[in-house]
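Read the figures in this text as sums done on the coordinates, not as results from a lab. Note that this is a predicted model, so its numbers are computed, not measured. Cβ: placed from backbone, ideal geometry, glycine included. Neighbour counts: every protein chain shown.
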Amino acid sequence: MLDIKQINFNKMDNGLVPVIIQDNHTLQVLMLGYMNEEAMQQTLSSGLVTFFSRTKNRLWQKGEVSGNHLRVVEVFNDCDKDTLLIMVNPVGNTCHTGSVSCFTTQKMPALSAIGALDKIITNRINYPEGGSYTNKLIAKGIKKIAQKVGEEGVEVVIAALNETDDEYLGEMTDLLFHSLVLLHAKKLDLSHLADKITQRHKEKSKKYEDC
């Protein structure tokens, strides 16, 4: 976690730094707030984002009334040490209007949908629900889940060769879902997959450099 001493709270006269809040799964920007040193200390100690309200002139923890907290995953400082980026796992919607984000006009990148799906799978595993298909799959074990991934892979090939684009996309969606469930069944997640992609990209780049 970020060392609070690395943050320059004295750069602005009011002792505040702007803080960008981003969903750790979907990468959606959720809101912008401000923190002073005390708010930052409380955020780091509690694991819940706490801002300094410029209108109320006091500390306020996001969700203190609504229960829609922002659970801290990681905190980053910018190059000038006067702006923060906090990756969070939000509990409920972030905006006071009831929207997921305060930036309702933001067009989300395609990969955010995969992050959102992975978040649903993670929540189902951590908080099982009766009748949940994900929970039923997990209960069957890795072998059955892997078998299902294989079946979905075959259906993708068939759809790609013989069916409409919409049907093909439907099969691809099923394959993606079951692949994510298998990933979690092996106690892995998207971050491990991202690390492997990055590793291979570096290896490939190094290979061409050595040519």
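Things worth noting here:
- The length gained by stretching the chain between THR198 and LYS107 to full extension, at 0.36 nm per residue less their Cα-Cα distance, is 30.2 nm.
- The calculated pair-distance distribution of the chain uses every alpha carbon pair, bins of 5 angstrom beginning at 0, and gives 1, 6, 11, 13, 14, 14, 13, 10, 8, 5, 3, 1, 0, 0 percent.
- Three-way shape call for the stretch 4-90 based on the alpha-carbon gyration tensor, with the a/c threshold at 1.5: oblate
- Alpha-carbon centroid distance for the pair the stretch 67-91 / the stretch 126-158, whole angstrom: 33
- Computed over the stretch 111-209: relative contact order in percent, which uses C-alpha pairs under 8 Å that are six or more apart: 27
- Residue ranges 163-172, 36-45 sort as 36-45, 163-172 when ordered by packing (mean number of other C-beta atoms within 10 Å per residue, highest first).
- Stokes-Einstein diffusion coefficient of the stretch 74-133, Kirkwood radius over Cα pairs, 20 °C, 1.002 mPa s, in µm²/s: 149
- At an R0 of 22 angstrom, the distance between the Cβ atoms of LYS5 and TRP60 translates into a FRET efficiency of 0.35.
- Degrees, to the nearest 10: 190-209 long Cα axis against longest axis of the chain: 80
- Taking other C-beta atoms within 10 Å as the exposure proxy, VAL91, VAL181 rank VAL91, VAL181 from fewest upward.
- Which of VAL29, VAL19, VAL157 has the fewest Cβ neighbours within 10 Å, and the rest in rising order: VAL157, VAL29, VAL19
- Within a Gaussian network of the chain (alpha carbon springs, distance under 10 Å), most fluctuating of ILE114, ILE197, ILE145: ILE197
- GNM top mover of THR97, THR122, THR134 - the chain, alpha-carbon springs below 10 Å: THR97
- Rounded FRET efficiency, nearest 0.05, which uses the C-beta distance separating THR173 from ASP80 and R0 of 30 Å: 0.10
- Subtracting the Cα-Cα distance of GLU129 and ASN162 from their residue separation scaled by 0.36 nm leaves 8.2 nm.
- Overall, the stretch 95-199 carries a charge dipole of about 680 debye about its Cα centre when +1 sits on the Cβ of Lys and Arg and -1 on the Cβ of Asp and Glu, all other atoms neutral.
- Straight-line cross-link partners of LYS5 among the lysines, defined as a Cα under 25 Å from its Cα and at least 8 positions apart when in the same chain: LYS62, LYS81.
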